Amino acid sequence: MKNLAGVYESVVKRNPGEVEFHQAVKEVLESLEPVAEKHPEYVKAGIFDRIVEPERQIMFRVPWVDDNGKVQVNRGFRVQFNSAIGPYKGGIRFHPSVNLGIIKFLGFEQIFKNSLTTLPMGGGKGGSDFDPKGKSDMEIMRFCQSFMFELARHIGPDTDVPAGDIGVGGREIGYMYGMYKKLRNEFTGVLTGKGIPYGGSLARTEATGYGLCYFMDEAIKAKGKSFEGKTVVISGSGNVAIYATQKVYQLGGKVVALSDSNGYIYDRDGIKLETVQLIKEVQRGRISEYTKHHPNAIYKEGCRGIWTIPCDIALPCATQNELDGNDAAILVKNGCFAVGEGANMPSTPEAVEVFLKNKIIYGPAKAANAGGVATSGLEMSQNSMRLSWTFEEVDAKLKSIMQSIYKNASDAAKEYGDPDNLVMGANIAGFKKVAAAMYAQGITY
Ligand code: NDP
């Protein structure tokens, strides 16, 4: 880095220990060097220094009472990163690994992702170190209510509109929405990912997984290939992984493996999605149970081994840094020609380097998984207009947004002289709109 090295050094110095945040900032700043050279006015106006500092970070106590009557205390976070092009928008994650650095990395990525969708949404992210695994429904409800009791002061349909993420699906959004409504006495589109009976959008549940496949389909077609007849490995077995699997089948591919944080299943005949949905969506069980239904399938402990399964296309859809340089080298060696990120930052920098060096068709998260937030944007529009579109209407809009994202990232990569580098293309295309808005709005206090 030439122009922006100082910005990165200052981020590391001022945010000690926030390694995921440093990683995300470094990747973006490296891509933006040529933009800094072309736009000295952005450097002068401190756009790069300002964009890496959240506008606001909120941390709060979340007390709740478990089923044994014991008081539990978790920590809540909401990072309102950038509102230059619209209200803050980004999911809420409930997972024991959550800390400020992880929420900041996700919020930072969200700025560029939301800009890429072409919809007017700023970037934010939130969550808690609460672990939903093994909790009763009533414990989940009490936790969500306590979390929203504080969060409600900081959000609003024109201020900040959270959604789901790891550990936060329709059930949790419902409990949080109920609490918000009670506190404010308002029926507004303050959260997205809502249930259909109370303002949710059709196709929101499917959107991230479907959008990932629409994006990858464009990228793969541009190289004269397709999903038809291809073997696909997908990590995770949550919302994104399940609906990516469904779309891969619709596009003519075959998914042979899925995972959760304990291990992975390999079904060479093709994963039976109904079984996975029963285990994960209805019974909230573990992926290992799949082999009880399909004894021919294999279950292995440890989720990393999933990348050793030979495949044509890999779609990491679980969590950050789940695929390292070594995993990437194995994928390439086994003939994998495309990798699309459903999860946020699932590939380590070393893995990304392997993909780019070997000319793998690589769809980076902030472009490839933007379908979820894009459809959240469509949910906001429907809420504001007090109407709802059909599944087909939303799905068609999602597809067209993913096609535009691919085109914009690909055009930016070409414009800046590295045509196959969608990482650089997505970062630049996402940045340009936010930077122009920040520049036009002056140095606000
Ligand atoms: P879910 O909670 O529905 O599923 C997460 C899946 O990933 C589960 O199978 C989970 O296994 C696995 N997982 C979580 N943490 C780990 C870990 N540390 N190691 C291994 N596996 C893990 O979440 P989503 O499907 O919604 O989210 C998955 C990814 O997609 C995340 O990176 C998220 O940020 C990203 N994303 C989600 C969007 C959405 O619309 N939902 C939008 C854009 C991005 P287990 O059950 O064992 O924890």
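The values are calculated or read from the model by the stated rules, or taken from the named source; none is laboratory data. For clarity, every value in this text was computed on a predicted model and none was experimentally measured. Cβ placement follows ideal geometry from the backbone for every residue including glycine, while neighbour counts extend to all protein chains displayed. These accessible areas exclude ligands, DNA and RNA; they are computed on the full protein's heavy atoms, side chains included. Shrake-Rupley method; radii C 1.70, N 1.55, O 1.52, S 1.80 Å.
Under the combined filter of DSSP loop state and at most 12 neighbouring Cβ atoms within 10 Å, region 324-402 retains these trypsin sites (Lys or Arg not before Pro): Lys359, Arg386. Largest to smallest in accessible area, the residues Lys254, Lys104 fall in the order Lys254, Lys104 (1.4 Å probe, all protein chains included). Carbon-plus-sulfur fraction of the accessible area of region 287-445, 1.4 Å probe, in percent? Carbon-and-sulfur percentage of accessible area, whole number: 53. Computed over the chain, the per-residue total of -39500 (n - 2.57) for DSSP H runs of n ≥ 4 gives a 222 nm mean residue ellipticity of -14500 deg cm²/dmol, rounded to 500.
Let's test the formula: R0 of 45 Å, r as the Cβ-Cβ distance of Thr188 and Asp49. What FRET efficiency results, to the nearest 0.05?
0.85
A straight Cα-to-Cα reach below 14 Å connects Lys366 with the aspartates and glutamates Glu27, Glu109, Glu341, residues fewer than 8 places away in its own chain not being considered. The number of Lys pairs in region 95-252 with C-alpha atoms less than 15 Å apart, excluding pairs fewer than 8 positions apart on the same chain, is 6.
Restricting everything to alpha-carbon atoms, can you work out Rg to Rh for region 259-344 with a Kirkwood hydrodynamic radius?
Numbers: Rg = 13.1 Å, Rh = 13.6 Å.
Taking Rg over the Kirkwood Rh, I get 0.96.
Farthest toward the dipole's positive end in region 207-368, which of Asn239, Ala297, Ile287, given Cβ charges of +1 (Lys, Arg) and -1 (Asp, Glu) about the Cα centre? Value: Ala297. Applying a DSSP loop filter and a limit of 14 other Cβ atoms within 10 Å to the trypsin sites (Lys or Arg not before Pro) in region 141-210 leaves Arg153. Each label point was placed 7 Å from the Cα along the Cα-to-Cβ direction; for Arg56 and Lys225 their separation is 4.6 nm. May I have the pair-distance distribution P(r) for region 55-187, computed from all Cα-Cα distances with 5 Å bins from 0 and rounded to whole percent? Reading upward from the zero bin: 2, 11, 22, 24, 20, 13, 6, 2, 1, 0. For His293 and Ser97, what does the FRET efficiency come to when R0 = 25 Å and r is the distance between their Cβ atoms, rounded to the nearest 0.05? Once the sixth-power term is evaluated, E becomes 0.25.
Rolling a 1.4 Å probe over the heavy atoms of the protein chains gives region 115-229 an accessible area of 37 Å² per residue. So what's the projected area for region 207-368, the Cα convex hull averaged over all directions, in nm²? Averaged projected area of region 207-368's Cα convex hull equals 8.1 nm².
Mind pulling the per residue volume of the convex hull built on the Cα atoms of region 355-445? Å³ is fine. If you can, show how the numbers build up before the last one.
Details: hull volume 11.9 nm³, N = 91.
Spelled out: Cα convex hull of region 355-445, divided by residues, is 131 Å³.
Rg/Rh for the chain stands at 0.95; both radii use Cα atoms, and Rh follows the Kirkwood definition.
The order of Asp269, Asp395, Asp129 by accessible area, most exposed first and with a 1.4 Å probe, is Asp269, Asp129, Asp395.
Taking every alpha-carbon pair within region 92-143, the share separated by more than 18 Å comes to 44 percent. Residues whose amide H falls under 5 Å from that of Glu55, counting only those 5 or more places apart or on a different chain, are Phe81, Asn82, with hydrogens built in the peptide plane.
Dipole check for the chain: with +1 at the C-beta of Lys and Arg, -1 at the C-beta of Asp and Glu, and the Cα centre as origin, the magnitude is about 500 Debye.
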